[in-house]
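Before any comments, here is the structure.
The values are calculated or read from the model by the stated rules, or taken from the named source; none is laboratory data. The structure presented is a predicted model; accordingly, all values stated were derived computationally and were not measured. Backbone-built Cβ (ideal geometry, glycine too); neighbour counts: all protein chains shown. Side chains included, ligands, DNA and RNA excluded: accessible areas come from the protein's heavy atoms. Shrake-Rupley method; radii C 1.70, N 1.55, O 1.52, S 1.80 Å.
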Amino acid sequence: MARRIDSYLKDLIPAEKLAFYEAVRDFGDSEIAPHLLHWERSHSLVPDSCIQAMGDMGLFGLPIAEAYGGQGGDHTDLVLMGLALAYHSQAVAITPGAAISLGAKPLQLCGTEAQKQAHLPALAKGERMFVFGLSEPGRGSDAANPQVTAVKKGDRWVLNGEKCWSTNARWASHVVVHALTNPTGQNGKRSTCFIVPMGQKGVFYQEMQGKKVWEQSSTGSIMLENVEVPHDAILGAENDGFKVMVTTLNGGRLFIASLALGSLAFALDKCRVYAEERLQFDDKPIGRFQRVQDVIVDMDIALESGLTWLLHLCRLYEAGTLSREQAAKIKVECSRRASDLIVLAMEICGGVACFDEFGLIRHHNDLFVTRVGEGSNFALKDLIVRPLRQA
Amino acid sequence: MDIVVCIKRVPATDTAIKIAADGKSIETAGVTFELNAYDEFALEQALRIKEQLNAGSVTVVTVGPKDCKKQLDDALARGADKAVLLSTTDWMYDGMQVASALAAWIKTVPCHLVLCGRQAVDSDNNQLPANLAGRLGFACVTEVGKLTLADGAFTAERDIEGAREVVACKTPAVISCQKGLNEPRYANLKGIMAAKKKPFVEQPAQLGARGMEIVALSLPAPRAAGKIVGNGAGAVPALIAALRETKAL
Ligand SMILES: Cc1cc2nc3c(=O)[nH]c(=O)nc-3n(C[C@H](O)[C@H](O)[C@H](O)COP(=O)(O)OP(=O)(O)OC[C@H]3O[C@@H](n4cnc5c(N)ncnc54)[C@H](O)[C@@H]3O)c2cc1C
Ligand SMILES: Cc1cc2nc3c(=O)[nH]c(=O)nc-3n(C[C@H](O)[C@H](O)[C@H](O)COP(=O)(O)OP(=O)(O)OC[C@H]3O[C@@H](n4cnc5c(N)ncnc54)[C@H](O)[C@@H]3O)c2cc1C
């Protein structure tokens, strides 16, 4: 069956971008969808073979320039990958998604030429992955003032503390640690980012257990105990670490919106097909009930409007004119719309929606992450409201 | 080695086929087309041979209407060097005509090896590879499941009834590819962008005389409803009797 989302994308993006989307879609249909249930029921993370296959397809290097061994694509391509993969699994989609939008991106945006040369080619192939080390047990929404510290010792820095919620930690080669370096500085100018190898002495990783969302995605906690790094491990400028993090998050939020829309696209197709197949009362399809149609129509409207908006913002991102508020707003809206609607989507399918193999419950759980990840929606409203309060 | 890969677009395998008003063809409106799955093995094998030799060329060719450009573009994106559309106004079903058009064109280009899918999954005619080889005077090995190249000659392995046959084969040859030959790659973004700059030739197909004509198409009769013979262990004898009746046992 043709996907509803495909009919919208056809008119929103040029032919070669559509061809790329279709290639990733077909990859998802053949290499991910048939295995998902097994991965879920055996509680396994994305298998290495799948990561390798995504690497072979160049997904980890999408928006990395060809000069650094990447695919030379742009943010639209990244978002198209998100839409295509999240249709089946956000957890699979976030693996290359975070590796790029949170891992490689800060390096691309703020790295020195030497740092780019040293890491981008391996990142582009998926042979290396960077973790985005912003969140900590005691610093979630309030991330500007990390409790992880870095203290200068001669020409080296010594890092201590704990990062958590670190997506891709299981496969990571390095973590970009956001650490407090100047406690008495002006707010937003107190921290610095460091590129720390996961194999460095004093770095300990542990998978966070019991997570019932994005189940195939690795989420780690990373302990740093007297970890020493050289001065040139600094990413961006000293005491300008928070800027590195927030600049990165702009693009990341567009990607999170693509995950929400990918899940919504799946739910829409699932429901509109099921509503015509499921016969109740006089053996006629439940799709004839207006209350069922209402939900399907609302999903369709949310999908088409969300896609149009998202692809527009991707163009602004490429042009360098996307504002922080715009990136925050689309993340907030797509995540809450899709996660509100998926509850109704499950309801119009009835009891069958409880089953893992029906797929909706997976997207229901995963959509929660889109509300909280890369900035909790409620906290992001603090940001969104700022220009509205200026007379 | 210059390799030609013959590809065909076919309706997606999950298409609900409808017969057109003429009663002889299928309704194509609303049908999604895709690259014939066996042709993907042929294309992949060609790309691997080129990569192994680090020389030569891979040209993909199809006989069909203009919309087949999409499948040719996909083949370019996966790594083919050049695409040729031998255009026709109609949907092509006659293996004789397609083979004549392909042979006429292949004779005009350097070609040491022709790779095809073992059959097209829409019409299932299974006649093009041998027909084409005959016209070109090339050797022909069909339904190949393993192909190794050494010193300019091929060893091809194919499953035959109850056994595996190993065939030695010199070029020029036509080889038709079976499932299991390889794992086809997906197009990547770089390949898709590079494809736009690759040569794409479109010329009318030189179709020979028709070899056959479809006089009528009909859908298979709808499947009869299943039969419930009973419930629980007590129903086993009735089930066995029913299976014997249908000769399933
Ligand atoms: C699966 C997953 C993967 C993640 N991956 C990464 C990663 O790779 N790297 C990384 O650094 N982080 C990652 N995160 C962390 C994520 O960014 C944080 O969860 C997020 O920033 C919220 O922080 P918190 O969970 O500590 O919530 P808290 O900060 O404790 O906030 C709890 C709630 O309080 C409310 N709240 C907080 N502040 C405000 C405010 N100012 N106004 C109104 N309400 C407010 C909100 O409702 C918020 O949801 C990940 C999270 C998840 C769930
Ligand atoms: C965990 C669980 C435990 C259960 N336990 C029991 C049990 O112990 N015993 C038992 O007998 N049953 C049990 N049920 C079944 C439960 O009662 C049914 O799921 C419920 O009646 C809905 O039926 P259905 O799931 O077949 O949905 P359907 O009848 O297929 O309906 C699907 C959806 O179509 C829509 N719809 C249907 N009819 C209309 C209408 N007239 N107008 C508008 N919209 C309509 C609704 O959105 C509905 O949710 C259980 C279900 C679950 C999930």
Which of the residues that make up segment B:132-155 are closer than 30 Å to B:T15 by Cβ and either open to solvent by 60 Å² or more (accessible area, probe 1.4 Å) or in a helix (DSSP H, G or I) (or both)? B:L132
Could you list all residues from segment A:120-178 that are in contact with a Phe, Trp or Tyr (Cβ under 8 Å, 6 or more places away or on another chain), open to solvent by 60 Å² or more (accessible area, probe 1.4 Å) and within 15 Å of ligand 1 (Cβ to nearest atom)? A:R170
Can you tell me which residue is farthest from the other protein chains (Cβ to nearest Cβ) among those in segment B:168-215 that are more than 26 Å from B:S123 (Cβ to Cβ) and of a type in the set (V, I, T)? B:T171
Can you pull out the helices (runs of 4 or more DSSP H) entirely within segment A:289-375 that have at least 3 residues that are under 20 Å from A:K212 (Cα atoms) and either within 16 Å of ligand 2 (Cβ to nearest atom) or out of contact with any helix residue (DSSP H, G or I) (no Cβ under 6 Å at 6 or more places or on another chain) (or both)? A:324-349, A:360-372
Any idea which residue in segment A:267-288 is farthest from ligand 1 (Cβ to nearest atom), counting only those that are in a helix (DSSP H, G or I) and open to solvent by 30 Å² or more (accessible area, probe 1.4 Å)? A:R288
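This table checks each residue for (1) crowded, with 18+ Cβ neighbours inside 10 Å; (2) in contact with a helix residue (DSSP H, G or I) (Cβ under 8 Å, 6 or more places away or on another chain).
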| residue | (1), (2) |
| --- | --- |
| A:T184 | no, no |
| A:Q216 | yes, yes |
| A:D232 | no, yes |
| A:N239 | yes, no |
Which condition from (1) within 16 Å of ligand 1 (Cβ to nearest atom); (2) more than 14 Å from every other protein chain (Cβ to nearest Cβ); (3) buried (at least 24 other Cβ atoms within 10 Å of the Cβ); (4) over 14 Å from A:F194 (Cα atoms) is the one that A:I100 breaks? (2)
Total residues in segment A:257-288, condition within 16 Å of ligand 2 (Cβ to nearest atom), more than 14 Å from chain B (Cβ to nearest Cβ), within 19 Å of A:V343 (Cα to Cα) and among the aliphatic types (A, V, I, L, M): 4
(1) in contact (Cβ under 8 Å) with a residue 12 or more places away in the chain; (2) away from ligand 2 (no atom under 16 Å from the Cβ); (3) under 17 Å from A:A260 (Cα atoms) all hold for A:I384 apart from (3)
Tell me which residues, restricted to segment A:27-68, are surrounded by fewer than 16 Cβ atoms within 10 Å (Cβ to Cβ), closer than 24 Å to B:E183 by Cα and not hydroxyl-bearing (S, T, Y). A:D29, A:A33, A:P34, A:L37, A:H38, A:P47, A:D48, A:Q52, A:D56
Tell me whether segment A:189-210 contains one or more residues that are at positive phi, touching a helix residue (DSSP H, G or I) at 6+ places or on another chain (Cβ under 9 Å), within 15 Å of ligand 1 (Cβ to nearest atom) and at pLDDT 95 or above. no
